[in-house]
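Okay, structure first, notes after.
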Number of protein chains: 2
Amino acid sequence: MFKKRMNADEAKDLFLKAFSPISETESLPIEACDDRIIAESITANVDVPHYRRAAMDGFAVRASDTLGAGSNSPVILRVGKNVEKGKCVWVHTGSPVPEGADAVVMMEDAVLRGDSVEIFSQLPPSRNVGEIGEDIQKGEIILKEGHKLRPCDIAVLTSLGIGDIKVFRKPVVAIIPTGEELVPRGKKEPGAGEVYETNGLMAAMYIMKWGGASRLLDIVTDAPEKIKEAIMSALDADMIIISGGTSVGKRDYVPEVVGTLGDLLVHGVGISPGKPAALGIINGKPVVCMPGYPVAGMVALYFFARAALRKLGRIPDEPDRTVRAVLSEKIVSRIGYKTFARVKLSNCTAIPLATSGAGILSSVSKADGFVIIPPNVEGYEKGEEVDVVLIE
Amino acid sequence: MFKKRMNADEAKDLFLKAFSPISETESLPIEACDDRIIAESITANVDVPHYRRAAMDGFAVRASDTLGAGSNSPVILRVGKNVEKGKCVWVHTGSPVPEGADAVVMMEDAVLRGDSVEIFSQLPPSRNVGEIGEDIQKGEIILKEGHKLRPCDIAVLTSLGIGDIKVFRKPVVAIIPTGEELVPRGKKEPGAGEVYETNGLMAAMYIMKWGGASRLLDIVTDAPEKIKEAIMSALDADMIIISGGTSVGKRDYVPEVVGTLGDLLVHGVGISPGKPAALGIINGKPVVCMPGYPVAGMVALYFFARAALRKLGRIPDEPDRTVRAVLSEKIVSRIGYKTFARVKLSNCTAIPLATSGAGILSSVSKADGFVIIPPNVEGYEKGEEVDVVLIE
């Protein structure tokens, strides 16, 4: 029997409170850190710019020399190699502003005539000059611990001369596929009553996509001792995902074994498909038991395993990619179940996929996304506008 | 001078029409194909299930034997090793339904007493039996050419026994950073007038993130001959990104060189920041010239390089991750410019980042996303609700 069917969000909260994020870090070259989580706040050790920088192509001048200049009354300065009263120097964008100069006249406001230049605009001091530290000041905090690095952040850190960076290591997730009917992919043709193992592979790929490191283990048959052994030898991982054997049938030993080795927090969730999911903690490590039905397993991955991975790896939550669409047909759901209805998108129409159950694997491939129906709602009507969460 | 400032969307359309997607494919093990684009439609070569499959744990029966069974009037069958009139067989979910049986009685509707079982429910034929090909029929098209593979698709293909798959190869993008002020990262400290090269690195990382293969080349100084050489030797790539030298200053040779070697389609775009961006075609290969100012360069990457990469690699467009937020301050933009305003998010508030220009590198790191303002709008008011496109 199920321990007790628990509300989906409550089950997730209970689970996430029961373990801690990992603290170990590693130092990596900054080019390898896209999407990694920084493990220390980064303080600028230099000013950017580290010199007074021309912000425009033009002439570096003493601003006071441009006093009275206007479109009909140019002032004339001599062009040379240093700036002093009555003299100016040609500069490029980004080049140092010479000593003595405190402004840069844009090319558009100047006309060069031989070794003199007519200046048609009066400048205040600092105009078109990037002062030292204007962009980033030495000692300023650039990025805070826990930030997920993007290529643009890596560019900023590189501009500060930072070559290596300390990030949290990726959570290692051990994945144990169970089921005597399973045959490893690439091996012999499955006979009657046999199928290729696919859920473990799917879990391993999603974990990698979401920022974890996957360790896909060998298939374990439906025997409590074998399942126990497999879990015990995987406890050096940060999280364990077990696929299959979570229901209440004769061969469903997984939740019981988890309860023997640790604490079975949840067995039976108000989530559809995915009701037989189970959640537990063994030696402080989170354990997600995915139902063996592929779609139910996938929902358990999305809803529980991803959340747990994010907590473990200190990966900030991010909104899913979603599309607003109008339902072509009504979707029925059961009160008490957070329902993940598969839909196909055609322009801005969401077409519910008729499926006779969670076992219909092909409905996943046909689906572009999920419409998620809260447990207190009985479904959505044809013509309703809904958010479709795209399946990654 | 700029060729002509072109509307941002027109420039993109003109550019995308001027080159073709790549057609070369490669065969890869299916586990390596997450996020890859399939180059052939996939037809099922087997039925799934390939045998009649029990959909429940219970007893396989002849449906006709359950005639008249009800909660108060069980019919009694003998449990054995084969199914015939008056006899049934215990089956697990997923196990083959024995010959002779055409339905499965759920455990919940049966009570086992010794070697007999009381059945409390009358079943129609096929109840709880997954027929051959019910999920996927042999010959059915599972995934169409051009589909971007997700872990759940890979699971479906694996269940069909598919081990390798033909995908389009990743577009190779050569990235040429230009500028005499640039110093390679990890080398000597930059002196006055020098900065570390960061835009090319940023471009390389975004290209990889978006599904391309990056080839980051050596820094080229601001000399037309050198730029020409670098472009010529990169023409075996599928796309070229050149960073810097795109404006109209004395040292800005890039667009001119592109025009000499091929067709300069666009120079000067109604995009802010990013006006000096240029777009061209050389030997049929798209060339994106990113402004050297980091934020302007990033906008050109997001707006032009990503679109070009998707077309080249046949990568389907996908919606950006966005968040709805309320502006804490007004944002001003210029008519005629599609404006990418950087904002920081705090809960559901979008705080515009005060910046004195596209050169302010640190504003990128501080930004969570862009508010994109169309060219026919002058900005958004404080308190307006806007979509914030999260920076990846």
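Brief remarks on what is shown
- Residue in the range B:136-158 that is surrounded by the most Cβ atoms within 10 Å (Cβ to Cβ), counting only those that are more than 7 Å from chain A (Cβ to nearest Cβ) and under 17 Å from B:Ser27 (Cα atoms): B:Leu157
- The single condition from (1) more than 11 Å from chain B (Cβ to nearest Cβ); (2) under 30 Å from A:Val156 (Cα atoms); (3) among the aromatic types (Phe, Trp, Tyr) that A:Phe15 fails is (2).
- A:Thr221 being among the hydroxyl-bearing types (Ser, Thr, Tyr), crowded, with 22+ Cβ neighbours inside 10 Å and within 14 Å of chain B (Cβ to nearest Cβ): no
- Qualifying residue in the range B:76-90 (condition: within 12 Å of chain A (Cβ to nearest Cβ), out of contact with any Ser or Thr (no Cβ under 9 Å at 6 or more places or on another chain) and over 30 Å from B:Asp153 (Cα atoms)): yes
- Residue within the range A:222-244 that is β-branched (Val, Ile, Thr) and in a loop (DSSP other than H, G, I, E, B) present: no
- The residues on offer are B:Lys81, B:Lys87, and the sole one that is more than 21 Å from A:Leu182 (Cβ to Cβ) and at pLDDT 95 or above is B:Lys87.
- Elements of type helices (runs of 4 or more DSSP H) in the range B:257-371, at least 1 residues being free of Cβ contacts under 8 Å to residues at least 40 places away in the same chain and at negative phi: B:294-300, B:362-366
- Among residues of the range A:282-300 being under 23 Å from the mean Cα position of the chain (by Cα) and away from chain B (no Cβ under 14 Å), the one that is farthest from A:Thr339 (Cα to Cα) is A:Lys285.
- Test: residue in the range A:40-58 that is under 30 Å from A:Ile136 (Cβ atoms), modelled with pLDDT of 95 or more and more than 14 Å from chain B (Cβ to nearest Cβ): yes
- Of all residues in the range A:175-186 being in contact with a helix residue (DSSP H, G or I) (Cβ under 9 Å, 6 or more places away or on another chain) and in a strand (DSSP E or B), the one that is nearest to the other protein chains (Cβ to nearest Cβ): A:Leu182
- Of residues in the range A:192-218 being assigned to a strand (DSSP E or B) and in contact with a helix residue (DSSP H, G or I) (Cβ under 6 Å, 6 or more places away or on another chain), the one nearest to the other protein chains (Cβ to nearest Cβ): A:Tyr196
- From the options A:Ser233, A:Ser247, A:Ser272, residue that is modelled with pLDDT under 95 and more than 14 Å from chain B (Cβ to nearest Cβ): A:Ser272
Here's the yes/no breakdown for (1) in contact (Cβ under 8 Å) with a residue 60 or more places away in the chain; (2) charged (D, E, K, R); (3) more than 10 Å from chain A (Cβ to nearest Cβ); (4) surrounded by fewer than 21 Cβ atoms within 10 Å (Cβ to Cβ):
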{"site": "B:Gln122", "(1), (2), (3), (4)": "no, no, yes, yes"}
{"site": "B:Gly163", "(1), (2), (3), (4)": "yes, no, no, yes"}
{"site": "B:Phe168", "(1), (2), (3), (4)": "yes, no, yes, no"}
{"site": "B:Val173", "(1), (2), (3), (4)": "yes, no, yes, no"}
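One line per residue, one yes/no per condition, for (1) assigned by TED's automatic domain parsing to the domain that holds B:Gln122; (2) touching a strand residue (DSSP E or B) at 6+ places or on another chain (Cβ under 9 Å):
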residue	(1), (2)
B:Asp13	no, no
B:Ile30	no, yes
B:Val61	yes, yes
B:Asp65	yes, yes
B:Ser71	yes, no
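- Cβ-Cβ under 7 Å pairs, at least 6 apart or on other chains, the range B:128-150 side more than 23 Å from B:Tyr51 (Cβ to Cβ), far side of a type in the set (A, V, I, L, M) and part of a loop (DSSP other than H, G, I, E, B): B:Glu145/B:Ala39; B:Lys148/B:Ile315; B:Arg150/A:Ile391
- Unmet requirement for B:Glu189, which otherwise passes all of (1) at the interface with chain A (Cβ under 8 Å from one of its Cβ atoms); (2) in a loop (DSSP other than H, G, I, E, B); (3) under 30 Å from B:Val46 (Cα atoms): (3)
- Entry remark, the range A:104-160: residues being within 30 Å of A:Pro21 (Cα to Cα) and not aliphatic (A, V, I, L, M) number 12 in total.
- Verdict on B:Arg342 being surrounded by fewer than 22 Cβ atoms within 10 Å (Cβ to Cβ) and within 26 Å of the chain's Cα centre (by Cα): no
- Of the strands (runs of 3 or more DSSP E) lying entirely inside the range B:43-111, those carrying at least 3 residues that are among the β-branched types (Val, Ile, Thr) are B:75-79.
- Test result for A:Val129, within 14 Å of chain B (Cβ to nearest Cβ), under 20 Å from B:Tyr293 (Cβ atoms) and either surrounded by 15 or more Cβ atoms within 10 Å (Cβ to Cβ) or not charged (D, E, K, R) (or both): yes
- Residue within the range A:190-205 that is touching a strand residue (DSSP E or B) at 6+ places or on another chain (Cβ under 9 Å), touching a residue at least 12 places away in the same chain (Cβ under 8 Å) and farther than 30 Å from B:Val97 by Cα present: yes
- When B:Asn376 is tested against (1) farther than 25 Å from A:Glu318 by Cα; (2) assigned to a loop (DSSP other than H, G, I, E, B); (3) in contact (Cβ under 8 Å) with a residue 60 or more places away in the chain, only condition (3) is not met.
- Any hit, the range B:357-366, residues being more than 21 Å from A:Ile141 (Cα to Cα), touching an Asp or Glu at 6+ places or on another chain (Cβ under 8 Å) and buried (at least 20 other Cβ atoms within 10 Å of the Cβ): no
- Hits in the range B:307-331 (condition: away from chain A (no Cβ under 12 Å) and under 16 Å from the mean Cα position of the chain (by Cα)): B:Ala307, B:Ala308, B:Leu309, B:Arg310, B:Lys311, B:Leu312, B:Gly313, B:Arg314, B:Ile315
Every residue, every condition in (1) within 27 Å of A:Val288 (Cβ to Cβ); (2) surrounded by fewer than 15 Cβ atoms within 10 Å (Cβ to Cβ); (3) without any contact (Cβ under 8 Å) to a residue 24 or more places away in the chain; (4) of a type in the set (Ser, Thr, Tyr), yes or no:
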position	(1), (2), (3), (4)
A:Lys17	yes, yes, yes, no
A:Ser20	yes, yes, no, yes
A:Glu24	yes, yes, no, no
A:Ser27	no, yes, no, yes
A:Ile42	no, no, no, no
A:Asp47	no, no, no, no
A:Met56	no, no, no, no
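The values are calculated or read from the model by the stated rules, or taken from the named source; none is laboratory data. Computed from a predicted model, the values in this text were never measured in an experiment. Ideal geometry is used to build each Cβ from the backbone, glycine not excepted, and the neighbour counts take in all protein chains shown.
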